[in-house]
Ligand code: URP
Ligand code: ZN
Ligand code: ZN
């Protein structure tokens with residue numbers, strides 16, 4: 001099957017060019033003008049951008065957390081991702097206490113059978129011991145080449161510095177990447193107990209008990225340990241100026257220091273957590289939303305490449321029946337926000353508002369995450385030989401984000417009522433149309449597992 005995408009403007013991380021794209025089977029065959037081919041199908045992309053399918057390297061489908069499961073599983077979450085222009089996700093497989101990495105990973109392979117888009121896995125490591133260290137090598141051999149560790153949530157996810165350092169050394173030996181949830185969980189837990197003791201139970205206190213200085217401190221420690229272990233390290237969901245400054249400082253010293261932020265830290269703030277009643281619970285995630293002044297600094301970090309990636313950290317919980325577990329105690333509100341469908345368009349508002357350029361936008365949402373996480377032989381750009389994962393994006397389409405119209409399996413939107421420009425109108429994966437003009441054409445389970453290369457940062 002040959003498809004010719006005609007008349008659009010092809011946008012990659014490095015070029016913006018009026019050109020046609022020829023897709024042959026699952027791959028991009030050629031980019032150019034005046035191609036003399038007889039395609040089986042022609043897609044008219046006049047007036048629209050032809051961009052690589054987006055790569056979201058931080059999602060949590062069906063994750064158990066805080067006495068609940070994320071409300072999107074791989075079926076609903078991957079469908080919503082496709083509507084939003086994302087054709088590849090890298091989700092976090094979870095090791096339960098007392099179990100091997102293998103058991104946790106197998107469980108995630110099972111869950112992901114329902115994915116409609118291509119997917120890979122990182123592995124969350126909750127316990128470090130000799131067996132786990134050996135298994136890390138095995139997983140790297142199977143294409144699971146990154147491991148997330150936590151410095152927060154004592155008794156649930158948190159590892160001590162010795163365990164973190166050992167995992168970093170092992171990752172350095174095997175070519176894996178350590179991803180860190182960087183918040184200092186000890187003092188944070190003390191603050192939480194103190195606030196609750198004073199009757200401060202509202203959602204906004206979630207942010208007040210997790211101050212930016214404790215994120216900055218943890219990021220500082222990550223890169224000092226990474227330097228000692230001669231390992232690259234990547235900070236997930238970076239939220240604050242304090243943390244970003246530590247990334248900058250480490251990069252200036254020559255440490256292989258990397259970080260992502262998320263749309264919620266660019267567009268939402270602690271003011272949303274302080275909305276009247278229990279409304280603020282919709283915005284409870286960790287690290288928490290910060291004061292508005294942090295946002296501008298994060299945009300600067302994206303421009304300067306001190307932040308290389310924007311991922312969603314998609315971890316949806318319904319307002320009714322899940323977030324309300326914490327009605328009388330903010331520490332019981334499941335942590336996480338929905339946004340797998342919104343990232344592409346939200347970030348595009350950065351182009352509309354003049355915060356980033358169009359090519360940098362593509363780099364941030366597709367090319368850089370693919371490269372950082374070992375997918376750049378197939379994903380993240382439009383070029384001959386690459387998977388034909390393509391978004392035909394109408395930059396002039398105006399719409400309002402709403403839970404009424406989104407496809408995520410969650411009963412609210414953090415961006416309810418926000419006017420945005422741009423719509424991923426046609427979305428292809430490996431040459432097949434997933435979404436066209438609001439209709440979904442993929443079959444549940446048609447996504448493939450993507451073994452990833454070792455990290456070449
Ligand atoms: O609040 C968050 N971020 N929930 C998802 C789990 C994590 O720490 O990434
Ligand atoms: Zn985290
Ligand atoms: Zn996460």
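General observations
- Here residue 445 passes the criteria (1) without any contact (Cβ under 8 Å) to a residue 24 or more places away in the chain; (2) closer than 28 Å to residue 337 by Cβ except the one numbered (1).
- The condition (being buried (at least 17 other Cβ atoms within 10 Å of the Cβ), at pLDDT below 95 and on the phi < 0 side of the Ramachandran plot) is satisfied by just one residue among 455, 382: 455.
- Some residue of the stretch 48-67 being within 16 Å of ligand 2 (Cβ to nearest atom), in contact (Cβ under 8 Å) with a residue 60 or more places away in the chain and either in a helix (DSSP H, G or I) or more than 19 Å from the chain's Cα centre (by Cα) (or both): yes
- Residues being part of a helix (DSSP H, G or I) and under 16 Å from residue 21 (Cα atoms) - total across the stretch 371-402: 0
- If the condition is being more than 16 Å from ligand 2 (Cβ to nearest atom) and under 27 Å from residue 422 (Cα atoms), then the stretch 316-351 contributes 318, 341, 342, 343, 344, 345, 346, 347, 348, 349, 350, 351.
- Qualifying residue in the stretch 169-191 (condition: at pLDDT 95 or above, assigned to a loop (DSSP other than H, G, I, E, B), under 25 Å from residue 138 (Cβ atoms) and in contact with a helix residue (DSSP H, G or I) (Cβ under 7 Å, 6 or more places away or on another chain)): yes
- Enumeration of residues in the stretch 1-19 that are part of a strand (DSSP E or B) and more than 21 Å from residue 361 (Cα to Cα): 2, 3, 4, 5, 6
- Every residue from the stretch 114-155 that is more than 20 Å from the chain's Cα centre (by Cα) and farther than 22 Å from residue 185 by Cβ: 130, 131, 133, 134, 135, 136, 137, 138, 139, 140, 141, 142
- Here 44, 73, 40 are screened, and the one residue that is farther than 29 Å from residue 4 by Cα and modelled with pLDDT of 95 or more is 73.
- Tally of residues being free of Cβ contacts under 8 Å to residues at least 40 places away in the same chain and in contact with a helix residue (DSSP H, G or I) (Cβ under 8 Å, 6 or more places away or on another chain) across the stretch 250-274: 6
The values are calculated or read from the model by the stated rules, or taken from the named source; none is laboratory data. Computed from a prediction, not measured in an experiment: that's the story for all the values here. Glycine also receives a Cβ, built like all others from the backbone with ideal geometry; neighbour counts cover every protein chain displayed.
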